[in-house]
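The values are calculated or read from the model by the stated rules, or taken from the named source; none is laboratory data. A quick note: this is a predicted structure, and the numbers were derived from the prediction, not measured. All Cβ positions, glycine included, derive from the backbone under ideal geometry; neighbour counts span all protein chains shown. For the accessible areas, the whole protein counts, side chains as well, though only heavy atoms, and no ligand, DNA or RNA atoms are used. Shrake-Rupley method; radii C 1.70, N 1.55, O 1.52, S 1.80 Å.
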Amino acid sequence: MGTQNLDWGNLPFGYMETHKSFVSCFKNGAWDEGTLTSDHTVTISECAGVLQYAQTCFEGLKAYTTADGKIVCFRPDLNADRMKDSCERLEMPVFPKDRFIKAVVDTVKANIDFVPPYGSGATLYIRPYMFGSNAVIGVKPADEYQFRILVTPVGPYFKGGVKPITVRISDLDRAAPHGTGDIKAGLNYAMSLHNIVDAHKNGYAENIYTDPATHTYLEETGGANILLVTKDGKLVTPKSNSILPSITRRSLLVVAKEYLHMEVEERQVNKAELADFAEIGLCGTAAVISPIGKISDHGKDILVPSGMDDIGPVLGKLRETLTGIQMGTEKAPEGWICEIA
């Protein structure tokens, strides 16, 4: 593990070619056996369904080196379930759950020396994805697909580490009512690219999207769910049918209730309430929890009481406990940790 000659403590959150990727092809109504390959290129028709009609979805999870030297990944069964939901919505064939988990394990094993060492702050990011690969010119689902998994060692998602960020409330929408906001479709992220580039140009780390129908209630950001902590210590998360069901968020809710004995509430959150919360943050696979220190709402700055210097005490404890579960310093709930090596 971690035997590659890399500066583990200073890795960017970016792509690096590793030893092997996994690929399985769907043709004539069935998936083939799949294989590990050292060829990291993809060859498809110029008229492939993914290129013409964005028929693609993906997942994201990580492999870690635990405190006792084991290589593990976190809740891959939920990634398989969520990808099933995405595939069904996009009229793509489902890659079977047991084969999904085995493919994740096999791909990590094939790249075991790219798994960063414990304590480095880095992880091995795992990206399962699927796309329509045969020629499609009429507007319809493809007939052939590729399911692939690539892995790459990564550093922290936000370069400054776990420091409060500044975000803005967006005028644009991430997803439509009754649309695809609750699945991990590539098209959702394409929708957010212009807005995140514009946010960065104007000094913001992220955009907070509100509900597209009324622009009143909080939804999520372009790549993460939202967490809020009340002044009396209750954990609140926005509830909406167009929010992606983050595996990190769902896990944090269990941690809050069962480990930290906090009250947890999932409900609609009006943006007018933002000034009333003691701590606010974003959560997802890439960053785990990123605290928010300041929110810009069309020229009005909302300063979160936990401040711009450090993560607040509640979100800090939540993050510490969840990463402890992932890294093996906290006892994990049954079935959360998939041991690889």
Scanning the range 267-292 for residues that are crowded, with 24+ Cβ neighbours inside 10 Å and among the small types (Gly, Ala, Ser), the one nearest to the chain's Cα centre (by Cα) turns out to be Ser290
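Scanning for something under 19 Å from Gly14 (Cα atoms), out of contact with any strand residue (DSSP E or B) (no Cβ under 7 Å at 6 or more places or on another chain) and surrounded by fewer than 21 Cβ atoms within 10 Å (Cβ to Cβ), does the range 127-150 turn up at least one residue? Please lay out each step first, then the result.
If we filter the range 127-150 for residues that are under 19 Å from Gly14 (Cα atoms), which is where we start, we get 127-129, 148-150.
Subsequent filtering for residues that are out of contact with any strand residue (DSSP E or B) (no Cβ under 7 Å at 6 or more places or on another chain) retains none.
No, because not a single residue in the range 127-150 is under 19 Å from Gly14 (Cα atoms), out of contact with any strand residue (DSSP E or B) (no Cβ under 7 Å at 6 or more places or on another chain) and surrounded by fewer than 21 Cβ atoms within 10 Å (Cβ to Cβ).
Which residues, counting only those in the range 257-277, are of a type in the set (A, V, I, L, M) and within 20 Å of Thr221 (Cβ to Cβ)? Before you say what the answer is, go through the steps one by one.
Pass one, the range 257-277, residues of a type in the set (A, V, I, L, M): 260, 262, 264, 269, 272, 274-275.
Once the filter is applied, which keeps residues that are of a type in the set (A, V, I, L, M) and within 20 Å of Thr221 (Cβ to Cβ), the range 257-277 yields Val269, Ala272, Leu274, Ala275.
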Note on the range 46-64: residues in contact with a helix residue (DSSP H, G or I) (Cβ under 8 Å, 6 or more places away or on another chain) and hydroxyl-bearing (Ser, Thr, Tyr) are Thr56, Tyr64
When every residue in the range 67-91 that is open to solvent by 10 Å² or more (accessible area, probe 1.4 Å) and over 17 Å from the mean Cα position of the chain (by Cα) is compared, the one nearest to Tyr157 (Cα to Cα) is Ala67
How many residues of the range 208-234 are under 25 Å from Asp85 (Cβ atoms) and either within 20 Å of the chain's Cα centre (by Cα) or not aliphatic (A, V, I, L, M) (or both)? The answer is 16
Heads up, the strands (runs of 3 or more DSSP E) in the range 264-341 (entirely inside) with at least 1 residues that are of a type in the set (Gly, Ala, Ser) are 279-284, 288-297
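If we scan the range 161-173, do we find a residue that is within 23 Å of Met83 (Cβ to Cβ) and either of a type outside the set (Lys, Arg) or open to solvent by 20 Å² or more (accessible area, probe 1.4 Å) (or both)? Explain how you work it out, then say what you get.
Looking only at the range 161-173, we keep the residues that are within 23 Å of Met83 (Cβ to Cβ), and these are none.
No, the range 161-173 contains no residue that is within 23 Å of Met83 (Cβ to Cβ) and either of a type outside the set (Lys, Arg) or open to solvent by 20 Å² or more (accessible area, probe 1.4 Å) (or both).
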- Message: Given the criteria modelled with pLDDT of 95 or more and either under 30 Å from Ala190 (Cβ atoms) or surrounded by 21 or more Cβ atoms within 10 Å (Cβ to Cβ) (or both), does Lys257 qualify?
- Response: no
Scanning the range 92-104 residue by residue, those open to solvent by 70 Å² or more (accessible area, probe 1.4 Å) and touching a helix residue (DSSP H, G or I) at 6+ places or on another chain (Cβ under 6 Å) turn out to be Lys97
The condition from (1) closer than 18 Å to Ser290 by Cα; (2) open to solvent by 40 Å² or more (accessible area, probe 1.4 Å); (3) polar (S, T, N, Q) that Asn202 misses is numbered (1)
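Residue under question is Gly328, and the condition is that it be within 28 Å of His194 (Cα to Cα), of a type outside the set (Val, Ile, Thr) and either without any contact (Cβ under 8 Å) to a residue 60 or more places away in the chain or open to solvent by 20 Å² or more (accessible area, probe 1.4 Å) (or both); does it hold?
On the way: within 28 Å of His194 (Cα to Cα): no; of a type outside the set (Val, Ile, Thr): yes; either without any contact (Cβ under 8 Å) to a residue 60 or more places away in the chain or open to solvent by 20 Å² or more (accessible area, probe 1.4 Å) (or both): yes.
No: the conditions fail for Gly328.
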Leu187 vs (1) open to solvent by less than 20 Å² (accessible area, probe 1.4 Å); (2) in contact (Cβ under 8 Å) with a residue 60 or more places away in the chain; (3) hydrophobic (A, V, I, L, M, F, W, C): all pass except (1)
